[in-house]
Each structure stands twice: as C-alpha cells, then as structure tokens.
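Colleague: Let me begin by handing over the structure; questions about it come next.
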Amino acid sequence: MAIGMAYCANKDIAREVVDDAFMKIFDSIDTFDHNQSFKGWVRRITINCAIDEFRRNKKHLYHLDVTDCGLDLPAVDLLEKLNIDDIHQIMGELPEILRTVFNLYEIEGYNHKEISELMGIGESSSRTYLARAKERLRSMVTRHFK
Amino acid sequence: MKVHFDKVLANKIRNEILDHEETYEDGAWERFLTRKEKRKNRILYWYFTGIASSVLLFTSIVWIHQKSGHQPLDIQNPISIKEFPLPHSRLLDSISAKDNSNHFLKDIPITFNSNVSTSRDTIKLQNRTNYGLALKTDSYGNISEKERSIVALTRAPIIYGNTLPNVVGKMDLLNAPFKNIDLVNEELTFHKKEKDIKGLGSKRRSVEIGFQISPSYGSNNGSSQALTSTNFGGGVTLNVPIKSSGFTFNTGVVFNDLRLTNEESMLATSEASMEEDNFYKEETRMNSLDIPLNIQYRIPSKRIFFYIQAGMSSYVTFNENAVSTKTTFREVEVFYDVNGTTQSFRVKEAVSLKKESDYEGSKFHPLGTFNLSFGYKAPLTDRIKYEIQPFYKLPLNSLTTDNTKVPMGGISLKVSLTP
C-alpha cells in the first residue's frame, strides 16, 4: 500500500492499484522464482500496476500548469521536519506523470532510458519531467514551510 | 544551492517512502476478495461465451458444407439430372459421347464409384452388358427452367444437352451403332438454346464494389464502470471472389466516427468521516479509417443468398478528443454566526473539474478488431445488389490512448455494384 500511495494521487486510486497487484500476484505466484526476494517481486508487480494505471490515464497527463518558480528556498535543515504525511500530501499534488517519473528515477533507481521504455515516453521527455517534478517539489516544500 | 536542495529533498522522500509501512486498513481483504470474485465471474462469462460462439460457428460451417458439398465436374456446363433406372447394371471403365448423328462429342473417363455430381444430385451410372444408360433432368443453379440432360452408354454415346444441336429433339437409341442395345423409348435430350451457354458464362461471380453505412453500439460494464460506445461508419468495400469456391475476399476503407463514454461512480469516505460521492465521466471522440480484411463464405442458393464473414480490421486513427469530468458530491459542515452564537449545519456541495485533451496526429493500429458477421444479399437490378449485414467486432487492440476496449455490434447496409 505504501508503494501505491507513493505512485498515486490519492488513497482510492492507490487501493485499486494494490488490489490489481494482489490479483496479479495470486495469478502468477507459480512463476515466482524462490531464489529471489519475495518482497522485491511484490514491489515490482505493484510498480508495474501503478505504471499501468498511469498508462490508462495517459491522455490527461499533458496538462501541466505553469507554476511560480523563483521562490526563496527554505533552509535544508528544515527538510528533516517533513514526515510521511507531508510527503504523501506533497507528492499527491504533483501531476501524475511527474510523480511517476520522479519515483522511478529517485526511489527505484531507474535511468531515463528504462523510464522511457516503461512509460512509453521519450528519453528527453523523461529528463524534462524529472526536472519539472523537482521544480514543483521545491516550490511546494517552500510553500509548506511558509 | 538548488541542486543540493533537490538532492537532500529527494533523499528525504526516498527514505521516508521506503521506510514507511502503511497500517492495514479494516476491510481491505474483504474488498479485495469481492473484486477478485467479480473478475472471476467476468472471466467465466467470456469463457463460456467464447465456447458457445465457437460451437455455433463450427456447427454452422459443418452444416453449410453438408448442404453444399460438391465436386467440380469436368464437363463444359453444370448439369442436374433425373435418374433413369435400367434393369441391369455393370460398372463402366469409360464412356464416350455422341450426338444423334453418331459423331463422338467427348470422351469422359469414368471409374467405379465415380460421382459426377452437382450441388444437389449425383449421377448414377448404370449399365447393361454392353451399354449403360443414365438420364437425369432438372433445373440447376441460377438458371431457372433451363435443363440439361445426360445419357451414358457403355462404350456408347454420352450425350448431354449442352453439346447437342438445337434441333435434336429425340434421340433414337435403336439406331445407335452398337450391338445388343435394348429399346429405350424415352425422350433423352432436350432443346438447348445458345443463350443458355452464354447465360452461364455471364453468371460467373465477379468483383463487386460496394458502398456501406454501418451504425454500431457497444458496452462494457465493470463493477462500478459503465463504458459505452457508439460508432457511425461509411465507406467503400470491395468483394473479390476466390476462383472455383464459394469464398470471397472482402476489403475496403470505411470512415468511422467513434464516441466513447466512460462513467464511473465511487463512494468514498473522507477523513472527516463524511461521505464523498465521486463521479467520473470521460467522453472520447475519435475518427478512424477501418481497413477490413475478411473472408466471406456464400451459402449456395439462387439469386438471393446468405453468407457468413470473418476477418480482421486494421485502423488508422486521427483527431482524438477527450473530455474528462470529475464531479465530487460531498457533505461539508458550514459554520455561521447567529446573534453571537456559532451554529453549524451540513450541506452537500458539488465540485467539478474538467480536462480536455486533443490529439491530432494519426496512428496505425494493425489487427485492431476481429470481425464476425453474417449477411443477406439480394439483387436490385442485374448489376446492383443490396446487403443487410449484422456484425460483431471484438477488439484485439485498443484504438484509444487510454487502452479502452469495447466490443461492438451493429448492422451494415450495403449497395454493391458489379462493374
């Protein structure tokens, strides 16, 4: 559920993603390689389900608002005060495409080429979305501490 | 500064998310089981529908083949014949054809159990010691009231109407130049007109160009989703008969105007334990060109006939427009001041959010749908026919960017022209 929450805008969508992931897990449990980590396998399936959900909504993902940049950044130390709820809230406000690219790059450790293949977008688009995601996050965190 | 900030922020987010463990939500497992059961029922539904359709299709094909099984006959024109029983029988190695002037017309090798068959009848060759005779008369195929006859004799004439002169009339077997011929006092041949043969040539199936309109409708309802689609198509089709068979290759280009509506309602509970009713509606409009590749099997009959058709369609899609509306109905608590006292009450508010997307590029989707249909075809004039063709299209690949697949059924109305 934590993975679903990281990839989805709200809890309802995260629940659906997790349900879908569990269905896939039950359907393909026979194919699980016991030499590998079960947790990692489940995690991978859940991320794939989140990406499927992203693909389903793909057509609405190109509407990115132009937001204000150039705010004064808060002190880096303040970031330690962010808790998981704050992070879920901030991440939930990110447009889905930015959130997915950010998660895949920063949390899962994929490179832009892999992200472009997974999400069906261009490699340069992936870079752009990551930059925009960071810009948005910076702006939202700044607003959060004001 | 920014780079450092981003790095620290990304690390913070990564650590928090990876370390976070979401507490189990009451009812989550039951909710999952409910969804799983619904999915299982849906799979069973499609499984049994698939089996039933396959059985129906197989039965239809077997039935059609039984009705129309025939071997092509190596004679100039098709014949239908009536049996002419003879008192003795012996099998023939070969027979030859002669006209009433005892001129040999054609040698036709016939072996034991040879079936000289038409679509409905089989000529049975019968013989006596020195000759055999079979005669059948009937109308055949598309040529109503035009008759063919055949006479077969052991080492003696096989005479059939098509090869006889117009004036033949009766065949006098007594004068046939063979020994031991019994009297067969029957009219053996029939007048045959030259136009009969011409008529046969012109009745061959030829290429047809058709114009069609095809409205269709489809729906695919899930647990909380209602997905409907309406389509209106119009275009040109081409029927190319496959030589010496009842099959026809069908293709064409059909312009489609497709509208998809996806409605979903979801009841959720907000943090303040107030109920939220979310209603999603997504309307997609898209134009496409349908390029079908179908095989049509014609059920043999006279001028009016039925056919079944199956194949695949590829699509070129363009001009996709999607409008998504999310409406949330929720209860909110409103506070207001009455004479210095704060009072509150709950009201229901609706919040609506609308997004619109346009895609003007075109995309090719090979093997977009599996097509299955049957049809009725009848002539309007000698060269123009009309067709009524109910059809079913099962999506193999999605045409829209959101991977929506909706099976559709409809009816095509066609007018086809033989150039």
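The values are calculated or read from the model by the stated rules, or taken from the named source; none is laboratory data. The structure presented is a predicted model; accordingly, all values stated were derived computationally and were not measured. Here the Cβ is made from the backbone with ideal geometry for all residues, glycine too, and neighbour counts use every protein chain on show. We work out accessible area using only protein heavy atoms, side chains counted, and drop any ligands, DNA or RNA first. Shrake-Rupley method; radii C 1.70, N 1.55, O 1.52, S 1.80 Å.
Colleague: Quick check for you: which residues of the stretch A:81-111 have the amide N under 20 Å from the point 7 Å beyond the Cα of B:Val8 toward its beta carbon?
Modeller: Correct set: A:81-88, A:90-91, A:106-107.
Colleague: Now, a different point. Please tell me which of these pairs span more than 29 angstrom C-alpha to C-alpha: B:Lys40/B:Lys393; A:Lys39/B:Lys363; B:Lys2/B:Lys354?
Modeller: A:Lys39/B:Lys363; B:Lys2/B:Lys354
Colleague: Further, regarding this structure: What nm distance separates the two modelled labels at B:Ile299 and A:Ile25, each placed 7 Å from Cα along Cα→Cβ?
Modeller: Spacing of the two 7 Å Cα→Cβ label points: 5.3 nm.
Colleague: Something else now. Just the number, please: buried accessible area between B and A, total of both chains, 1.4 angstrom probe, nearest 100 square angstrom.
Modeller: Using a 1.4 Å probe, the pair buries roughly 3900 Å².
Colleague: Okay, next question. What per residue convex hull volume, in Å³, do the alpha-carbon atoms of the stretch B:292-391 yield?
Modeller: Residue-normalised Cα hull volume stands at 216 Å³.
Colleague: Once every DSSP H run of n ≥ 4 in chain A is given -39500 (n - 2.57) and the sum is divided by its residues, what mean residue ellipticity at 222 nm do you get, rounded to the nearest 500 deg cm²/dmol?
Modeller: Mean residue ellipticity, 222 nm, calculated: -19000 deg cm²/dmol.
Colleague: What does the highest-first list of B:251-258, A:25-32 look like by mean Cβ count within 10 Å?
Modeller: The packing order, highest mean first, is B:251-258, A:25-32.
Colleague: Once the cut-off is 10 Å, how many percent of the Cα-Cα pairs in the stretch A:93-133 end up in the long-distance tail?
Modeller: Taking all Cα-Cα pairs of the stretch A:93-133, the fraction more than 10 Å apart is 63 percent.
Colleague: Follow-up. Given springs between every Cα pair under 10 Å in a Gaussian network model of chain A, which of A:Ala131, A:Ala14, A:Ala75 has the largest fluctuation?
Modeller: Evaluated over chain A, the most mobile residue of the options is A:Ala75.
Colleague: A follow-up question, please. Have a look at A:Met23, A:Met91, A:Met119 and tell me which one the Gaussian network model of chain A (Cα, springs below 10 Å) gives the largest fluctuation.
Modeller: In this elastic network of chain A, the residue with the biggest mean-square fluctuation among A:Met23, A:Met91, A:Met119 is A:Met23.
Colleague: Hey, if you drop one equal point scatterer on each alpha-carbon of chain A and run the Debye formula without solvent, what base-10 log of I(q)/I(0) do you get at q = 0.11, 0.17 Å⁻¹?
Modeller: -0.46, -1.01
Colleague: Additional query: For chain A, which whole-number percentage of the solvent-accessible area (1.4 Å probe, protein heavy atoms only) is attributable to carbon and sulfur atoms?
Modeller: Carbon-and-sulfur percentage of accessible area, whole number: 48.
Colleague: While we're on this one: State, to one decimal in nm, how far the label point of B:Ser60 lies from the label point of A:Val76, with both points 7 Å from Cα in the Cβ direction.
Modeller: Going by the 7 Å Cα→Cβ label model, 7.2 nm.
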